[in-house]
Number of protein chains: 2
Amino acid sequence: MKKAVSLKDIANNVGVSTALVSYVLNGKEKEARVSKQMAAKIRRAAKEMNYQPNLIARSLKYGKTKTIGLIVADISNPFFSSIARIIENKAKENGYTVVFGSSDEQLDKSADLLNALINRQVDGLIVTPVENSEEQIREIQEKGIPVVLIDRYFPKLNTNAVFINNYQSAYNATQHLIDNGYKKIGMVAYQSSLEHMKQRVKGYEKCLKDNGINASKDWLLKINYNHTETDFRDSLNAMLEKNTIDSLLFATVSLAVKSLHVINSRKIKIPDDFGLISFDESDAFDFFYSPLTFIKQNLQQLGSQSVQLLIDSINNNTTVIKKIEVPSTLVVRDSSKKK
Amino acid sequence: MKKAVSLKDIANNVGVSTALVSYVLNGKEKEARVSKQMAAKIRRAAKEMNYQPNLIARSLKYGKTKTIGLIVADISNPFFSSIARIIENKAKENGYTVVFGSSDEQLDKSADLLNALINRQVDGLIVTPVENSEEQIREIQEKGIPVVLIDRYFPKLNTNAVFINNYQSAYNATQHLIDNGYKKIGMVAYQSSLEHMKQRVKGYEKCLKDNGINASKDWLLKINYNHTETDFRDSLNAMLEKNTIDSLLFATVSLAVKSLHVINSRKIKIPDDFGLISFDESDAFDFFYSPLTFIKQNLQQLGSQSVQLLIDSINNNTTVIKKIEVPSTLVVRDSSKKK
């Protein structure tokens, strides 16, 4: 990479002072009482010399870069890529550019990205934190960098956060399966200490209990985040082989889509022999022969509220922490309706 | 945001010279012949004071930030989010962090992102350029910043680029439909001056011509990038209403998924009454009742080769431009096989 062109280089080239160049390129030529001709000459030189304003220097001066950093857990998951798109649009409306990264559910990648974004002086961060990243988030807060968690949160950490009521959403979905005649309801979730995942499992378990259903341990399949396709297929096949459940609740869209492949290969008949409900949406759910009933998170609200919360936090330098719960709805379709 | 802690602050706190602190925090304590105790004390102070190494300062000194900027056209499109994931993994293997943005097929957003990433001193950029962004890419090259285009490219611009043979891929898919008994083959593409899109349409048109098929103008539907859902549905419905085609080639996965909804609502029977082939993959294609035949781009190669090309370009400061064509294959399934 060539050495960056400085204001001084331009000043030397045009034969004026560096201060004058600075005034002109920062749109303050009136204050410097420079002639229009000279201002034009300086601008032309800056363009010809490929001058690139240094955002970092500018941010040191003005305190803001008008950039938001976004870290999602897995950009190839449509839940996160849809949210990213919404956050970008909302940020753009507010004059912010979003740069983002994907932590791939890995703690070290999350640390790399947080450092990379902070060192690039973003004004604030929106993060879907990975497992055990509580300390990383705490450090960011301690540095005084505005941060909003999205989708996930740490109950013991006092942070801005936007999320759905995971417990109630899972509870309602389970109740819906029971109301539709399913009796032995299983769940596929991630093996995770993350609160949103624990709450989804708890909501499911509590609903079974409240309905007097004695769940067997076999009914809950917990998948490691680092599973391979084969691991996943083998675990789900083993679970289904036991023939102890008549329906399944999927804790995420990625778990559901993978499971649908297995269910198809076993020729299980949905919804007559087996009921299905998943968290989140997918085109795959629409085209599955028995369109899936799903828990629709309000992505628009999740995204917009997190941007709003972050911008408020950036502008007011406020220390008031807000936790916002956005609604979810159960969209009932064929896969959960026994004929 | 609090003021950043400097090396000088740490030096003052510990009571040593700034140079000594710099040596220790840059892992060069041996050169400074500092005692282990003192080195530990300096590190502890840095941690307690929340010292954040300034990557920019470091990059000015060492010339590299070990960060790659990635700009995709639309992160909510699974084609791009899958590629983003592959690029991140490949970059990580090589010690690079990726920060990215989504231009949403908009020229102004693309400019904002390019500026934001360049001003944050990324070592180089991987870009899926939006329509008419040739000048933006040219400017980046003129600044001496390594850049690799992916998926799309500008024929008149001498840039590193990784892409598939779009012309041949479309030609082969069209030929496959003809070989399977379809005679009036339509295409849904984007109205775009981007070369990859033009090549896809050309390959389709040439194949019809080579087979002596006289295509009507009605057979080719060009969709504006800024269409609404309703626009899209109306245009495709109008095309299908004419009843002049017996099959469709979709130029992208997003066009295909939207079209499948329309095709389902019209109760068109695939593949007996109507054949389908799409570029790219989707879970939706797998679960559609007649699984879609698709043109599989080798995403792994697209992603890895672009990272490799960029890193080579960063390390060697080379001016040799490479254009790499990666293979695509037609994955034949039910949707293109007339019974």
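The values are calculated or read from the model by the stated rules, or taken from the named source; none is laboratory data. None of the values given here were measured: they were computed from a predicted structure. Virtual Cβ from ideal backbone geometry, glycine too; neighbours counted across all protein chains shown.
Candidates in the range B:28-79 are the residues that are hydroxyl-bearing (Ser, Thr, Tyr) and modelled with pLDDT of 75 or more; of these, the one that is nearest to B:Ser103 (Cα to Cα) is B:Ser76. A count restricted to the range A:122-138 and to residues that are more than 18 Å from A:Gly95 (Cα to Cα) and touching a residue at least 24 places away in the same chain (Cβ under 8 Å) stands at 8. When you scan the range A:179-186, do you find a residue that is of a type in the set (Gly, Ala, Ser), surrounded by fewer than 20 Cβ atoms within 10 Å (Cβ to Cβ), in a loop (DSSP other than H, G, I, E, B) and not assigned by TED's automatic domain parsing to the domain that holds A:Val72, even just one? Yes.
Which of the residues spanning the range B:148-167 are over 11 Å from the mean Cα position of the chain (by Cα), farther than 18 Å from B:Ser192 by Cα and either without any contact (Cβ under 8 Å) to a residue 40 or more places away in the chain or buried (at least 23 other Cβ atoms within 10 Å of the Cβ) (or both)? It would help to see each step written out before you state the result.
Step one: of the range B:148-167, the residues over 11 Å from the mean Cα position of the chain (by Cα) are B:153-161, B:164-167.
Add one more test, that the residue is farther than 18 Å from B:Ser192 by Cα, and what stays is B:158-161.
Result: B:Asn160, B:Ala161.
The number of residues in the range B:259-287 that are part of a helix (DSSP H, G or I) and within 11 Å of another protein chain (Cβ to nearest Cβ) comes to 9. Among the residues of the range A:308-316, none qualifies, meaning not one is within 14 Å of chain B (Cβ to nearest Cβ), within 19 Å of the chain's Cα centre (by Cα) and within 26 Å of A:Asn214 (Cα to Cα). Just for the range B:64-98: of the residues that are at the interface with another protein chain (Cβ under 7 Å from one of its Cβ atoms), of a type in the set (Ser, Thr, Tyr) and surrounded by 24 or more Cβ atoms within 10 Å (Cβ to Cβ), which one is farthest from B:Ile164 (Cα to Cα)? Checked the range B:64-98; the qualifying residue farthest from B:Ile164 (Cα to Cα) is B:Thr67. Does the range A:209-222 contain at least one residue that is outside the structural domain of A:Pro155 (by TED's automatic domain parsing), touching a residue at least 40 places away in the same chain (Cβ under 8 Å) and surrounded by 13 or more Cβ atoms within 10 Å (Cβ to Cβ)? Scanning the range A:209-222, I find no residue that is outside the structural domain of A:Pro155 (by TED's automatic domain parsing), touching a residue at least 40 places away in the same chain (Cβ under 8 Å) and surrounded by 13 or more Cβ atoms within 10 Å (Cβ to Cβ), so the answer is no. Among the residues of the range B:223-258, those identified as part of a helix (DSSP H, G or I), surrounded by 16 or more Cβ atoms within 10 Å (Cβ to Cβ) and out of contact with any Ser or Thr (no Cβ under 7 Å at 6 or more places or on another chain) are B:Phe232, B:Arg233, B:Ser235, B:Met239, B:Leu240, B:Ser254, B:Leu255, B:Lys258. Residues in the range B:99-144 that are in a loop (DSSP other than H, G, I, E, B) and of a type in the set (Ser, Thr, Tyr) were compared, and the one that is nearest to the other protein chains (Cβ to nearest Cβ) is B:Ser103. The set of residues in the range B:100-121 that are over 18 Å from A:Lys92 (Cβ atoms) and buried (at least 21 other Cβ atoms within 10 Å of the Cβ) contains only B:Gln121.
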